[in-house]
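Worksheet for the structure shown next.
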Amino acid sequence: MKRAYRAALLRFDDHGRPLYEEDGLLVVAPDDQGRQRVLDAGSHAAVAPRHPDAAVTHWPGRILAPGFVDMHIHFPQTDIVGAPADGLLPWLENYTFPAESRFADPAHSREVAEVFFDELLRNGVTTSLTFATSHPASVDAFFESAQRRQLRMITGKVLQDRHSPDGVRDDTEQSLVDTEALIRKWHKVDRLGYAITPRFAPTSTDAQLRGAGELAARYADTWVHSHVAENKDEVKWARELFPQARSYLEVYNGFGLMRERAVYAHCIHFDDADRQLMRATRTATAVSPTSNLFLGSGFFDFEGADRIGYAYGLASDVGGGTSFSPFATMLAAYYVGREGQTKPGISIAPSELWWRHTGGAAEALGLAGTIGNLQPGCEADFVVINPQATPLLARKTGLAQNLEELLFAMIVLGDDRLIERTVISQALPG
Ligand code: GUN
Ligand code: ZN
């Protein structure tokens, strides 16, 4: 059965430019597997006559927009948001590894997975590329909950067989056996996807990275997910451990871990040869600005990425990142875009920030046309935004003269209160 939702409507065209209808209509219908997809979208005046049979829900004063896509987040770090540290490496040692060691316990994994998904959905995030921990139980807990909630979600068992304490360090051979078993169990089941997840080069042996690369070749439509060039001490360490590689990024390339659907968080301390390698291999960056500001890691070079032209999108990187809210991430990206800016004008346009956290992030994940937009054919994962959620938002959005001002008011002042509801593309029973 067709359903239609009437409200303001935000979408993006094929170039990532915003399309906005003040009085819009979004029509959804089940596909042949019973999953809700966008059938038609546009102005109410144009779209409504084409669907006289649709049951219409009217949300006056609200904005319908694509569900946000978080390109890099750690579900087991939900409880360590805001842990203070000198920088990345002490933060990992003092907070992250102890917290992650608890995920050997399936009950703890299940409990935190529920909190994590509740938090994502309250913030309007409908898909994330997600780190689990090195324990297979954490992956099972994540996928079981995502499957029950019918979400499109991606995760994988973390690979870390050296320079890691007891409790999170895994065994080289077993880690690869477990990874392959988890791929077979979960990849492409309902809307779930598997990511081969070496934590970062310093915590994997050559044998583990080689094995990960072999799995990435054998299972070509899985994701590859890791960290690179986040922090200067980390870069120095990686260069010492892999002296034969031209750069830290090249280590991954040497093990077959750069390809379409490979996503690396951070990518801050890059040169143009690294950027060219990202482009040539169709590898994407998950830009994580709240994390980079919080841990003092540095500033992603947006101009450098655009000059060479490789794929990137936005990410929270919770728990290095400080917020689940896409509004906080987009605002931090705006601040970071100021750093190193050589061209006059504002930092990054509000509509581009928004696209980088929806359609652009989906494209960087190889999921364009599936999620991150509300064009016909997309899965119907969307948010209902109340631009009057707080007194100041009501004033400020009411004063907006154009779409960029409206989006910027929400980016600067917004948080989870803006997200009135998150609608998930449900499959009908039977
Ligand atoms: N590098 C290796 N592990 C991590 C992690 O958990 N968080 C961040 N931000 N960087 C990492
Ligand atoms: Zn991370």
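For this structure, a couple of remarks:
- Selection from the range 46-82 of residues that are more than 13 Å from ligand 1 (Cβ to nearest atom), of a type in the set (Val, Ile, Thr) and closer than 29 Å to SER291 by Cα: ILE63, VAL69
- Filtered by the rule that a residue be buried (at least 23 other Cβ atoms within 10 Å of the Cβ), touching a helix residue (DSSP H, G or I) at 6+ places or on another chain (Cβ under 6 Å) and aliphatic (A, V, I, L, M), the range 72-89 gives a lone residue, LEU88.
- When the range 392-409 is limited to residues that are open to solvent by 30 Å² or more (accessible area, probe 1.4 Å) and not hydrophobic (A, V, I, L, M, F, W, C), the one that is nearest to PRO18 (Cα to Cα) turns out to be GLU404.
- Unique match (being crowded, with 20+ Cβ neighbours inside 10 Å and free of Cβ contacts under 8 Å to residues at least 40 places away in the same chain) among LEU64, LEU92: LEU92
- Considering VAL69, VAL56, the condition of being open to solvent by less than 10 Å² (accessible area, probe 1.4 Å) and more than 15 Å from ligand 2 (Cβ to nearest atom) is satisfied by VAL69 alone.
- Checking PRO376 against (1) assigned to a helix (DSSP H, G or I); (2) closer than 20 Å to GLY42 by Cβ, the condition it does not meet: (1)
- Tallying residues that are open to solvent by less than 40 Å² (accessible area, probe 1.4 Å) and of a type in the set (Asp, Glu) within the range 157-177 yields 2.
- Residues that are outside any loop (DSSP other than H, G, I, E, B) and farther than 21 Å from THR155 by Cβ, drawn from the range 314-341: PHE327, ALA328, MET330, LEU331, ALA332, ALA333, TYR334, TYR335, VAL336, GLY337, ARG338
- Within the range 186-214, the only residue that satisfies the criterion of being free of Cβ contacts under 8 Å to residues at least 40 places away in the same chain and open to solvent by 60 Å² or more (accessible area, probe 1.4 Å) is LYS188.
- If you go through the range 308-323 and keep only what is polar (S, T, N, Q) and surrounded by fewer than 24 Cβ atoms within 10 Å (Cβ to Cβ), you end up with THR322, SER323.
- Residue check for GLY345: open to solvent by 20 Å² or more (accessible area, probe 1.4 Å), without any contact (Cβ under 8 Å) to a residue 12 or more places away in the chain and on the phi > 0 side of the Ramachandran plot: yes
- Look at (1) within 16 Å of ligand 2 (Cβ to nearest atom); (2) open to solvent by 50 Å² or more (accessible area, probe 1.4 Å) and you find that SER226 fails only one, number (2).
- Tally, over the range 279-325, of residues that are more than 16 Å from ligand 2 (Cβ to nearest atom), of a type in the set (A, V, I, L, M, F, W, C) and either touching a residue at least 40 places away in the same chain (Cβ under 8 Å) or in contact with a strand residue (DSSP E or B) (Cβ under 7 Å, 6 or more places away or on another chain) (or both): 4
- The number of residues in the range 240-271 that are open to solvent by 10 Å² or more (accessible area, probe 1.4 Å) and under 19 Å from the mean Cα position of the chain (by Cα) comes to 5.
- Which numbered condition SER347 fails, given (1) closer than 19 Å to ILE424 by Cβ; (2) not in a helix (DSSP H, G or I): (1)
The values are calculated or read from the model by the stated rules, or taken from the named source; none is laboratory data. All figures in this text were calculated on a predicted structure; none of them were measured in a lab. Using ideal geometry, Cβ is built from the backbone for each residue, glycine included, and neighbour counts are taken over all protein chains shown. Quick note on the areas: whole protein, heavy atoms, side chains included, nothing else; ligands and nucleic acids left out. Shrake-Rupley method; radii C 1.70, N 1.55, O 1.52, S 1.80 Å.
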